[in-house]
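Only the coordinates and a few stated rules stand behind these numbers; no lab work does. Note that the coordinates shown come from a computational prediction; the quantities given were computed from them, not determined experimentally. Cβ coordinates were reconstructed from backbone atoms using ideal geometry, including for glycine residues, and neighbour counts include every protein chain displayed.
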Amino acid sequence: MSRLLSRSRLQSLPPQPPGRAPGWVGVSRGAALGIGLLCLMNLAEQFAAGSRSREVWLYSSDMLPDEISRGLLALCVPSMFLFCIRPALPAFLKLTCVLTLALPGFFCVQEVMAARQMVVDETVHYALLSRPIGVLMSLSVAAVGVFLGNTGLARGRSSLLTIVFIAAFTICTFPLLEIQTTGFSLLAGEEERADIVIVPTGGGGSGPRADLVEDRIRTASEIVQRTDGGRLLLLLSAEMGMQPDAESLRSLALDSGLADQQVSMIEVESEMGRWLKPATTAAAPGERCLIVAHWYQLARLKRLVQRGPVEIQLRPAIQRHAISGQNLIVLRESRLLLGEMAAPLLSFLSTMRLPSETDLPDPFGEPEAGAADEDLDSLFETISEEQTAADRGKSDKPSALNRSELQPGIPLVE
């Protein structure tokens, strides 16, 4: 009897709210949100650049056609967002999330295996593994949550702060991985030949940046010497308060084995996005262009080049001098790269018109200047016209139609 009473009391109690979920659930949801946002920015860049940009950020998609790669990106965005909002997904959506995580993971494993087979320096080897291993770790963290989302281990509320922090961490660390993998993959590539080699000096020639510019000019001079009729174009720009020393730069190029007629200079702005267009217009139609920069600048240059109308090759400078404050420089480049990655999506959102932004008049807004006077004039005209019609109606007798419409029992006053 007591057991029956206790059961009835428990059944009469209101349902208790779910408790707090384990911390790994919030981490998994945050990783999925970060992956979804990266795929969304990747899609925005591809649509903004059109056919010139076919790159998938998370993995190398050389084996897949462009349409399938974009379809996989488009499928990954809602799948990751749905899991982040509700981890306990139905079976069909759970299978979709598993597929969208398994295929990029498979391509990341292929990149790791290909990098391990390359005969390169140990430093280059680790740099080539940065992006695929980092992305593979993020995909694995999200996959754990997808597999265990419907179980009792994942029930409860996750911390919103944890989800936002892990998503921001996933997005902000991706440019660091991209900078290392892109820069050192081009360093491990084959030797290029170009008709015109472009070198941004960035206020070099003298001062603390002289060693960096010297490495770029020497690397570019070697490429020019391998091409018949090749030319070297030095971009003079003031950067960080340092004015370029044109004479020192020219003498450095001549000391590298180039003739005087092979070296030319133009003055450009210091910002990378602004000097790229005048630098490429200096090349004649049909000439092969190549830009020599340091490895940490190539990831951002690659995205800017893909948005331009001219196909340009990139080559990292052979680093013969130590870079002072390299960690701070790489952090600055990662911040700028993240801005370039998010620029197409932010541009699309800023130009998109919402239903609330249509050009309909605001019924609760203030009238424009002169609108009140026009409304009063029209009101007075309407009242005067109605008064005139009423005066005319009093002098006229009602018609037969009006007489028939009168109610019975009410006398007509003539």
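Got a sec? How would LYS277, LYS94 order by Cβ neighbour count within 10 Å, fewest to most? Could the numbers behind the result be given before it?
Details: LYS277 13, LYS94 19.
With the sparsest Cβ surroundings first, the list reads LYS277, LYS94.
Quick check for me: using +1 on Lys/Arg Cβ and -1 on Asp/Glu Cβ, what's the dipole size of segment 20-187 about its Cα centre, in debye to the nearest 20? Kindly include the intermediate steps, with their values, before the conclusion.
Values: 11 positive and 9 negative charges, 176 e Å.
I would put it at about 840 debye.
Using a ≥ b ≥ c from the Cα gyration tensor of segment 20-187 (square roots of the eigenvalues), is it rounded, prolate or oblate, where a/c under 1.5 gives rounded and otherwise the larger of a/b and b/c decides, a/b for prolate?
Working: a/c = 1.95, a/b = 1.54, b/c = 1.26.
Prolate.
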Handout entry: Modelled FRET efficiency - R0 25 Å, ILE266 with LEU346, Cβ distances, 0.05 increments
Key = 0.20
Handout entry: Ranking of THR173, THR151 by count of other Cβ atoms within 10 Å, fewest first
Key = THR151, THR173
Fill in the blank from the handout: Taking a ≥ b ≥ c as the square roots of the Cα gyration tensor eigenvalues, with a/c under 1.5 meaning rounded and otherwise prolate when a/b beats b/c or oblate if not, segment 196-323 comes out rounded
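Listing THR219, THR100 from the residue with the fewest other Cβ atoms within 10 Å to the one with the most, what is the order?
Details: THR219 22, THR100 28.
Exposure proxy ranking, most exposed first: THR219, THR100.
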Exercise for the section: May I ask you to derive the FRET efficiency for LEU160 and ASP228 from their Cβ-Cβ distance with R0 = 41 Å, giving the value to the nearest 0.05? Expected result: 0.05
